[in-house]
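**Q** Structure in structure tokens, see below.
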Amino acid sequence: MFDVLGKLSWFFGQYWKQYTVAICLLMMASMLDVVPPYLLGSIIDILAAGEMTKAILGQYILIFIGIIIGGYALNFFWQYRLFEGAINLERTMRRKLMLQFLRMTPTFYEKNRTGDLMARATNDLNAVSLTAGFGIMTLIDSTIYLGAIICAMGLMISWKLTLFAMLPVPIMAVLIQHFGKLVHERYMKAQDAFGVLNDSVLESVAGVRVIRAYVQEKKDEKSFADMSEEVYEKNIHTARINALFGPITKIGTGISYVVALGYGAILVSNGEMSVGQLVTFNVYLGLAVWPIFAIGELINVMQQGNASLDRVQETLNYEADVQNHKDPVTIKEPSEIGFDDLTFQYPTSQVKNLQQISLSVKKGQTLGIVGKTGAGKTTFLRQLLREYPLDKGQLMIGGADIAAQTKEQILDWIGYVPQDHVLFSRTIRENILFGKEDASEKDLMKAVSLAYFEKDLENLPRGLETLVGEKGVSLSGGQKQRVSIARALIKDPEILILDDSLSAVDAKTESSIIKNIQTERSGKTTIITTHRLSSVQHADHIIVLDEGQIIEEGTHEELLKNKSWYKEQFDRQQLEGGGA
């Protein structure tokens, strides 16, 4: 049950001063709470003996006021320090999770659902934070505070009465421990179900247009209702066990009250206790209700925190598939990109996705990559982006193996425009400046011009300050592509990669963008994958991929002379009006 505290030892070690102060103050507050019932019993005995005077009453009132003020101060400071620590833990672990998400390669996201990751970053972190705050509090209350109350009852009143009154406690502890294990198992299942629901909701929101277009609202609504019902059932399944903790505690304390009153009355009649002591004992018994109940809460919180921490730690312990070399090589500039007999296969694939790729691209050249759908064009680019570990063969940049260089060095040279254009829920200005935050207004407008986006800005309600909505929902496909291109161009990268990034624009716009790139990127490397051959006519070298292999290569003119796939595709596009 207390494994979770051991797993969080790194955090408690880091904030040991804060937790030491909080726990010491909590213990002092617990000890102080034991004093008023004893004073109450003394007052009752004095009243019963008829010895009460104004002076004595005044002294007791002053003592009570002092205890109230002292208790208030102690409770304020221990709660502030303890729960501040819990918030710090949640903040620290959320930061760790976010950094982990940013470090991870596509393989990680293929194995983990987005909704489940979101559940771990929200619900599970809340449960872990609860352990570091409320869990520590219940631990102290169910041990130190309960121990102080039992000692006061046994040493200051009657050990006999204390022994009999506390008999239900061990039985309650055994039952609570048993139910605590069940809570852990059921809570894990409930959290998994919540992750699945979360993932489904994200998909539905992202694909709401498609759902409406195919009139699938009712089906999606039913699917959501079914998953919600499953989450509800599993949480209710957990709640049923949680609900047993309260009744067990109440029954136990009820039995203790009956024993205390019955046996206590006998002790008073035998002269072994005074009436004031019996009253004090019952007040102590009332104070003991929360610590006894806290045992159940403690087990419940610790079990849920342990389950949630395991889920979070599973994500944090995942090792990125692509690691930086222990002794990385530093290269000043990517003078040349070379593929030497490179072969690659995705972890989940049954076939080779790239086969024996040999190619050299010198600085300043433009490489065009074409081929039918699924030929391996994007896979080719992913090798440069270091999204997967290299398989066989070698990939060199600047004369050094890419695996011997840091990912940060490689990616710092690259400006990448993917097929799926990711725009953030910010303004167009912020989306473009994402490529280079410190860019000047002049650089910004130049990137806009190069991406042939100036006319579109004039038609947008607030120009560069227009909010694009989540994933650029307020922009057309062509506008999203050009904002993404502007974002890459403002970086002025050594290597510009366009992954079928002109598919949503018309031929005239495409031609203008290509000419702008040719003019502005003289002396820098550009790699373009496309289905529209007019996008690569100007390239210094073009390769045709099929099933991961290079089946043709050369310049545009050389490939037309081959009268193979490239020639056939070019002629077809010319007839269809796809030429520039």
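**Q** For the subset of region 272-316 comprising residues that are at pLDDT 85 or above, among the small types (G, A, S) and over 30 Å from L125 (Cα atoms), which member is surrounded by the fewest Cβ atoms within 10 Å (Cβ to Cβ)?
**A** Out of the qualifying residues, it is S274.
**Q** Next up: Considering every residue within region 459-466, establish whether at least one is under 23 Å from K377 (Cα atoms) and in contact (Cβ under 8 Å) with a residue 12 or more places away in the chain. Working first, answer last.
**A** To start, the set of residues in region 459-466 that are under 23 Å from K377 (Cα atoms) comprises none.
No, because not a single residue in region 459-466 is under 23 Å from K377 (Cα atoms) and in contact (Cβ under 8 Å) with a residue 12 or more places away in the chain.
**Q** Hey, among D321, D327, D340, D310, which residue is in the same structural domain as I171 (by TED's automatic domain parsing) and charged (D, E, K, R)?
**A** Details: D321 fails: in the same structural domain as I171 (by TED's automatic domain parsing); D327 fails: in the same structural domain as I171 (by TED's automatic domain parsing); D340 fails: in the same structural domain as I171 (by TED's automatic domain parsing).
From the options D321, D327, D340, D310, the qualifying one is D310.
**Q** Then there's this: With a cut-off of at least 1 residues that are surrounded by fewer than 18 Cβ atoms within 10 Å (Cβ to Cβ) and of a type in the set (S, T, N, Q), name the helices (runs of 4 or more DSSP H) lying wholly within region 70-137. Talk me through it step by step, then tell me what you get.
**A** Numbers: elements: 106-111, 114-119, 125-130.
Once the helices (runs of 4 or more DSSP H) in region 70-137 are filtered for at least 1 residues that are surrounded by fewer than 18 Cβ atoms within 10 Å (Cβ to Cβ) and of a type in the set (S, T, N, Q), what remains is 114-119, 125-130.
**Q** Is it the case that some residue within region 493-507 is within 21 Å of T379 (Cα to Cα) and part of a helix (DSSP H, G or I)?
**A** No, because not a single residue in region 493-507 is within 21 Å of T379 (Cα to Cα) and part of a helix (DSSP H, G or I).
**Q** So which residues in region 358-387 are surrounded by fewer than 19 Cβ atoms within 10 Å (Cβ to Cβ) and of a type in the set (S, T, N, Q), if there are any at all?
**A** Answer for region 358-387, where residues must be surrounded by fewer than 19 Cβ atoms within 10 Å (Cβ to Cβ) and of a type in the set (S, T, N, Q): S358, S360, Q365, T373, T378.
**Q** Inspect all residues belonging to region 159-181 and state whether any of them is under 25 Å from the mean Cα position of the chain (by Cα), over 30 Å from P37 (Cβ atoms) and at pLDDT below 90. Full working, then the answer.
**A** Taking region 159-181 as the starting set, the residues that turn out to be under 25 Å from the mean Cα position of the chain (by Cα) are none.
Taking every residue of region 159-181 in turn, none turns out to be under 25 Å from the mean Cα position of the chain (by Cα), over 30 Å from P37 (Cβ atoms) and at pLDDT below 90.
**Q** Moving on. Taking the stated definitions as given, is K352 touching a residue at least 24 places away in the same chain (Cβ under 8 Å), crowded, with 17+ Cβ neighbours inside 10 Å, out of contact with any helix residue (DSSP H, G or I) (no Cβ under 8 Å at 6 or more places or on another chain) and assigned to a loop (DSSP other than H, G, I, E, B)?
**A** Numbers: touching a residue at least 24 places away in the same chain (Cβ under 8 Å): yes; crowded, with 17+ Cβ neighbours inside 10 Å: yes; out of contact with any helix residue (DSSP H, G or I) (no Cβ under 8 Å at 6 or more places or on another chain): yes; assigned to a loop (DSSP other than H, G, I, E, B): yes.
Criteria met by K352.
**Q** Any idea how many residues of region 71-106 are closer than 30 Å to R386 by Cβ and basic (K, R)? Explain how you work it out, then say what you get.
**A** Step one: list which residues in region 71-106 are closer than 30 Å to R386 by Cβ, which gives 92-106.
Checking which are basic (K, R) leaves us with 94-96, 103.
Qualifying residue count, region 71-106: 4.
**Q** Looking at (1) in a helix (DSSP H, G or I); (2) in contact (Cβ under 8 Å) with a residue 40 or more places away in the chain, find the lone condition where V448 falls short.
**A** Of (1) in a helix (DSSP H, G or I); (2) in contact (Cβ under 8 Å) with a residue 40 or more places away in the chain, only one is false for V448: (2).
**Q** Read through the list (1) assigned to a helix (DSSP H, G or I); (2) surrounded by 24 or more Cβ atoms within 10 Å (Cβ to Cβ), then give the number of the only condition that E558 fails.
**A** E558 satisfies all of (1) assigned to a helix (DSSP H, G or I); (2) surrounded by 24 or more Cβ atoms within 10 Å (Cβ to Cβ) except (2).
**Q** Across region 163-176, what is the total count of residues that are touching a residue at least 40 places away in the same chain (Cβ under 8 Å), in a helix (DSSP H, G or I) and surrounded by 14 or more Cβ atoms within 10 Å (Cβ to Cβ)?
**A** Start the filter on region 163-176 by keeping residues that are touching a residue at least 40 places away in the same chain (Cβ under 8 Å), which leaves 164-169, 171-173, 175-176.
Subsequent filtering for residues that are in a helix (DSSP H, G or I) retains 164-165, 168-169, 171-173, 175-176.
Subsequent filtering for residues that are surrounded by 14 or more Cβ atoms within 10 Å (Cβ to Cβ) retains 164-165, 168-169, 172-173, 175-176.
Adding up the residues that qualify gives 8.
The values are calculated or read from the model by the stated rules, or taken from the named source; none is laboratory data. All values derive from a computational prediction rather than experimental measurement. No Cβ is skipped: glycine too gets one built from the backbone with ideal geometry, and neighbour counts run over all protein chains shown.
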